[in-house]
Amino acid sequence: MTRFLILLISLISCVNMSGQQLVRQSKELKLMGTRFVITATAVNETTAWKGINAAIEEISRIEKLISSWDPNSETSAINRSAGINPMVVSTELFSLIERSKKISELTSGAFDISFASMGHLYTFDKKERPLPEDQLIEDIRSSVDWNKIVLNPESKKVFLEDEGMKIGFGAIGKGYAANMAQKVMREIEGVKGGIINASGDLSIWGMVSNAEASWTIKIADPKDIDRAMATIEVENTSVVTSGNYEQYFTSQGKRFSHIIDPKSGYPTTGIKSVTIVCKDAEIGDALATATFVLGVKDGLYMINKLKGVEAIIVTDEDQLLTTDNIHLNYIK
């Protein structure tokens, strides 16, 4: 999922509680095929850049592990062996797949990493194009089923039951990378806080201001991403947004999002953006996709049942809807 600029970040203060002046540095670059902005707040500039560079190195490592475009990745090896034989993978990748299946169960299949089996059917280039033939979608849709991802915890083997079946981490990978990048930054002495912005998947940590201030996240209007619809104050959490305004196509004048419903095989409609606020960027990434697929009513119902998780939805009709316990500052 590509999500550019739905979340704009502003820092109210850059002075810590002891009165020491903190230095904030940021770097924007392309990783995992999308735009990352890595921000570190530290005791000095050298330390801030040490944190940023450590995060970049970690994200690059994860990209090599989970990429379905790199023929040498473990993920590509799993996909090549679909319907033929199981593949032994690293504990890290096995655990990510295992967690992905648990989220599939939680969301009744609205999130499903085997959606990659039909990703090639669509081109999300903002152009007018016909929908694929119904029969073609139906033929491939049978291979989209998280239950057909067979895991052996003892041997760390992964087997995709159907030949031609594929898995992909586009709906969870950037959140995972943001989590791991934050982890390595936290281990560097003198780095006091920061944000990993993985094209809209934000992992936010550290008190980088005085006791009265916090990170202010602006929820942008999908029609005009330079305009904020609302703001939210957060500390030590993740704020993850999926939107349909960067990757889409139109057919007979109707816009279709890049987020595919695993059950129907068709792109989702009805929602312009979903923002999930929770502690874990990986979970937030997956739940944002699931909410898109479930739709407004079922999506809000699901999130309201989850402890410590909140959602903000902008519908195709430009309604801004939220779960029960989130507090936004609305901008008129």
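The values are calculated or read from the model by the stated rules, or taken from the named source; none is laboratory data. What you see is a predicted model; the values in this text were computed from it and never measured. Cβ coordinates were reconstructed from backbone atoms using ideal geometry, including for glycine residues, and neighbour counts include every protein chain displayed.
What is the one condition in (1) assigned to a strand (DSSP E or B); (2) modelled with pLDDT under 85 that TYR245 does not satisfy?
(1)
For the stretch 139-155, how many residues are of a type in the set (A, V, I, L, M) and either free of Cβ contacts under 8 Å to residues at least 60 places away in the same chain or outside the structural domain of VAL88 (by TED's automatic domain parsing) (or both)?
2
Every residue in the stretch 109-138 that is surrounded by fewer than 16 Cβ atoms within 10 Å (Cβ to Cβ), over 17 Å from MET165 (Cα atoms) and touching a residue at least 24 places away in the same chain (Cβ under 8 Å), please.
THR123, ASP125, LYS126, LYS127, GLU128, ARG129, PRO130
Hey, SER95 hits all of (1) among the polar types (S, T, N, Q); (2) modelled with pLDDT of 95 or more; (3) in a loop (DSSP other than H, G, I, E, B) but one; which does it fall short on?
(3)
Looking at this structure, is THR75 outside the structural domain of ASP285 (by TED's automatic domain parsing), β-branched (Val, Ile, Thr) and in contact with a Ser or Thr (Cβ under 8 Å, 6 or more places away or on another chain)?
Yes, satisfied.
Among the residues of the stretch 271-284, is any surrounded by fewer than 18 Cβ atoms within 10 Å (Cβ to Cβ) and either basic (Lys, Arg) or not in a helix (DSSP H, G or I) (or both)?
Here is the first cut: in the stretch 271-284, the ones surrounded by fewer than 18 Cβ atoms within 10 Å (Cβ to Cβ) are 279.
Now restrict to residues that are either basic (Lys, Arg) or not in a helix (DSSP H, G or I) (or both): 279.
Yes - at least one qualifying residue is present in the stretch 271-284.
With respect to LYS218, is the statement that it is basic (Lys, Arg), surrounded by 15 or more Cβ atoms within 10 Å (Cβ to Cβ) and touching a residue at least 40 places away in the same chain (Cβ under 8 Å) true?
Criteria met by LYS218.
Tell me, yes or no, whether the stretch 179-191 has at least one residue that is crowded, with 22+ Cβ neighbours inside 10 Å, of a type outside the set (Ser, Thr, Tyr), in contact with a Leu (Cβ under 8 Å, 6 or more places away or on another chain) and in the same structural domain as THR41 (by TED's automatic domain parsing).
Checked against the condition, which is being crowded, with 22+ Cβ neighbours inside 10 Å, of a type outside the set (Ser, Thr, Tyr), in contact with a Leu (Cβ under 8 Å, 6 or more places away or on another chain) and in the same structural domain as THR41 (by TED's automatic domain parsing), the stretch 179-191 yields no hits at all.
From the set of residues in the stretch 121-145 that are polar (S, T, N, Q) and part of a loop (DSSP other than H, G, I, E, B), which is nearest to LYS254 (Cα to Cα)? Explain how you work it out, then say what you get.
From the stretch 121-145, those polar (S, T, N, Q) are 123, 135, 142-143; that's our starting set.
Narrowing the set further to residues that are part of a loop (DSSP other than H, G, I, E, B) leaves 123, 142-143.
Values: THR123: 15, SER142: 26, SER143: 27 Å.
For the stretch 121-145, the residue satisfying everything is THR123.
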